[in-house]
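Reviewing the structure listed below.
The numbers here are math on the coordinates, done by the rules we state, and not lab data. Small disclaimer: the values here were computed from a predicted structure and weren't measured. Reconstructed Cβ throughout: ideal geometry from the backbone, glycine too, with neighbour counts over all protein chains shown.
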Ligand code: SF4
C-alpha cells in the first residue's frame, strides 16, 4: 500500500506534479489519492526526501 510519511514530507509538490492521478497536496503535505495509479513509481522517484513508501 502506498503511503506518505508526513513527518518527512516537505511539501514540495513533486509527487503531485509527477503523478496527479495518484497524489494531491493538502495544505503543506502530500496526500495519496490513488495508490494504484500507473504513475506512482515516478512519484516515488521524484520525491527528494524519500517520503513515499509503496
Ligand atoms: S514529493 Fe515527497 S516531499 Fe514532495 S510533496 Fe511529495 S511526498 Fe512530500
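Structure values in brief
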| quantity | calculated |
| --- | --- |
| Residue order, fewest to most beta carbons within 10 Å, for 28, 5 | 28, 5 |
| Helix-only mean residue ellipticity at 222 nm for the chain, each DSSP H run of n ≥ 4 adding -39500 (n - 2.57), per residue, nearest 500 | -5000 deg cm²/dmol |
| Stretch gain in nm, segment residue 49-residue 17, where the contour uses 0.36 nm per residue and the Cα spacing is subtracted | 10.0 nm |
| Gyration tensor (alpha-carbon) shape descriptor, the chain, a/c threshold 1.5 | rounded |
